[in-house]
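What follows is one structure encoded as structure tokens, with my remarks underneath.
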Amino acid sequence: MKPESFPKNIRPHIIPEHKGELVYRCLGCDREYGIEKLLYTCPDCGMVLLIHDLNFAFLKKIPGKKWRDIFDYRRMIKIPALKGIYRYHEFIGPIIPLSSVIYLGEGHTPLIEANYLLQKKVGMRFFFKNDGQNPSASFKDRGMASAFSYINFLVQNKLVSDVLAICASTGDTSASAALYASYLEPNIKSAVLLPHKKVTPQQLSQPLGSGASVFEIPGVFDDCMKIVENLSEKYNVALLNSKNAWRILGQESYSYEIAQDFEYDMSNKAIFVPIGNAGNITAVLNGFIKFYATGIINVLPKIIGVQSEHANPVFNYYSEPDAQKRKFIPVTVKPSVAQAAMIGNPVSMPRVIKLVETYNSLAGKERVFFVEVKEQAIMDWQITANRHGHIACTHGGECLAGLVVAVKRGFVSKKDYAVLDSTAHALKFSGFQDMYFENKFSHEYGISPDKSLVNFPVLIHPKDLKKVPAPGKPLKESDFKTFLNRVSDEIAEILNLKNK
Ligand SMILES: *Cc1c(COP(=O)(O)O)cnc(C)c1O
Ligand SMILES: [Zn+2]
């Protein structure tokens with residue numbers, strides 16, 4: 001639909017104007033800094049930052065109902081810059097002109113109602129949000145679209161040049177950063193640091209394929225992160241980890257998308273998010289807070305953060321019921337199939353602490369909960385989900401295992417609809433599925449396969465059948481006929497097929 005065809009009262013808003021005034025605000029000392037340059041931590045106290053719009057109060061002048069109409073109408077617009085996360089431009093990056101926006105197809109991922117039997121098994125109504133259907137096959141693309149649109153804006157305005165984008169990654173951040181950087185060739189190049197042998201082959205192939213400089217580092221993600229921080233302090237590079245507040249800002253679209261997909265009715269909704277570096281849950285909390293503050297939603301949904309027992313610092317922190325006594329202690333991670341969340345010292349922890357407090361106090365009651373799950377449960381539930389028509393990655397399995405725990409602990413009830421983030425595509429983590437089927441997990445994982453879920457291909461090659469086709473070597477007609485019948489009969493026998 002063309003802008004001039006929209007209803008009169010919507011038309012002035014359909015193409016967003018940029019009236020925001022964004023600043024970085026420190027989570028520690030509340031100091032504010034201009035956004036003319038990239039800043040990751042507070043120059044005064046060293047704490048992480050979040051981006052705030054000093055003109056946010058103006059957004060409240062438009063009633064919630066009108067905002068809802070604006071976003072619903074924007075769904076119909078064909079301008080690429082408004083097709084992704086910037087459908088919510090006024091909330092996501094109101095200073096970014098549309099001419100700077102990078103859109104590679106991120107966001108607005110499908111919300112898929114769980115298979116009926118699966119819902120019955122769990123005892124709850126729930127949906128998967130399939131974030132594997134983003135361009136680099138994980139949710140990280142929303143935040144990257146935001147960070148790279150901002151960098152592109154700086155480049156176009158000659159505020160920076162020859163940018164080297166750099167990040168540490170458990171696999172998906174680097175895949176995403178490398179993709180967006182390569183789209184901005186020749187202005188931006190990228191370099192990624194990965195923990196050696198701690199990312200899947202698919203995740204390693206992604207930045208290589210995008211032409212990034214790829215470095216493998218001994219240790220785990222937390223070690224890579226320290227090196228990247230060291231590099232960004234000493235050298236002129238653009239840090240693309242979620243320490244970068246632009247990433248968080250873009251990822252807020254996740255909350256807005258869910259709100260819009262439920263017609264902005266957030267009553268009886270419970271949003272499940274796996275936690276690694278805690279960037280995603282920060283964005284989810286902040287997103288719902290902003291929509292609530294502007295009356296676009298009238299209820300704050302429950303938020304349930306999920307961690308594996310093998311990487312559970314956030315869960316541990318909140319397992320102390322007395323807020324005064326809580327103390328954050330980083331953990332040493334153990335191997336986890338939720339590998340992209342295998343982080344012992346989450347960068348966004350201060351953001352989570354602050355936003356959880358704000359969220360609960362706005363809601364007037366406890367609305368944010370944390371659960372931990374076993375590695376075994378993650379794998380069992382991932383495979384069970386995928387046997388019921390889903391494409392959940394291990395973190396999607398982690399969310400589902402988390403839902404089962406949350407039901408038991410009474411954090412959610414049968415009245416609720418749960419939304420589980422399948423944060424990446426199942427194919428990125430198919431190696432863990434192989435390990436499960438082949439019973440090849442080392443003992444540290446503590447995972448053994450449930451035999452009823454194991455699946456193997458069956459090679460059909462009758463022993464006495466001498467002649468079988470091969471590439472470039474078709475069989476003679478009579479030999480092929482024999483081959484055809486013998487193989488068909490064998491399959492029919494295994495499947496117990498009845499004659500017509
Ligand atoms: C990054 C990532 C996570 C963890 O998200 P955080 O924002 O680091 O908490 C979970 N799942 C997948 C697939 C990821 O790539
Ligand atoms: Zn500070």
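Brief remarks on what is shown
- Distance in nm between pseudo-label sites at LEU111 and ARG486 (7 Å out along the Cβ direction from Cα): 5.5 nm
- Helix axis angle, 140-156 relative to the chain longest principal axis, alpha carbon, degrees: 50 degrees
- Principal-axis tilt of helix 279-293 within the chain, Cα atoms, nearest 10 degrees: 50 degrees
- Kirkwood hydrodynamic radius (C-alpha pairs) into Stokes-Einstein, the chain, 4 °C and 1.567 mPa s, D in µm²/s: 54 µm²/s
- Net lengthening on full extension, LYS451/LYS120 (0.36 nm per residue, minus Cα-Cα): 117.0 nm
- Sequence-distant residues sharing a close amide H with LEU194 (under 5 Å, placed H): PHE215, GLU216, ILE217
- Exceedance of the 22 Å cut-off in Cα-Cα distance is limited, within the set LYS302/LYS354; LYS140/LYS189; LYS129/LYS354, to LYS129/LYS354.
- Within the chain, helix-based [θ] at 222 nm, where runs of 4 or more DSSP H residues each add -39,500 (n - 2.57), nearest 500: -11500 deg cm²/dmol
- Set LYS327/LYS365; LYS37/LYS243; LYS120/LYS415 screened for pairs whose C-alpha atoms are more than 18 Å apart: LYS327/LYS365
- Whole-angstrom gap from the range 438-455 to the range 376-435, using each part's C-alpha centre: 17 Å
- For the chain, share of DSSP beta bridges that run antiparallel, in % to the nearest 5: 30 percent
- The residue list VAL487, HIS443, ALA426 was ranked by how far each Cα lies along the charge dipole of the range 420-488 toward its positive end, using unit charges on Cβ atoms, and VAL487 comes out on top.
- The charge dipole of the range 139-250, taken about the Cα centre with unit charges on the Cβ atoms of Lys, Arg (+1) and Asp, Glu (-1), comes to about 120 debye, rounded to the nearest 20.
- This model, with +1 at the C-beta of Lys and Arg and -1 at the C-beta of Asp and Glu, gives the chain a dipole about its Cα centre of some 1060 debye.
- Stretch gain in nm, segment LYS467-ALA57, where the contour uses 0.36 nm per residue and the Cα spacing is subtracted: 139.9 nm
Every number in this text was worked out from the coordinates using simple rules, so none of it is lab data. Note that the coordinates shown come from a computational prediction; the quantities given were computed from them, not determined experimentally. In this analysis, Cβ positions are derived from the backbone assuming ideal geometry, glycine residues included, and neighbour counts consider all displayed protein chains.
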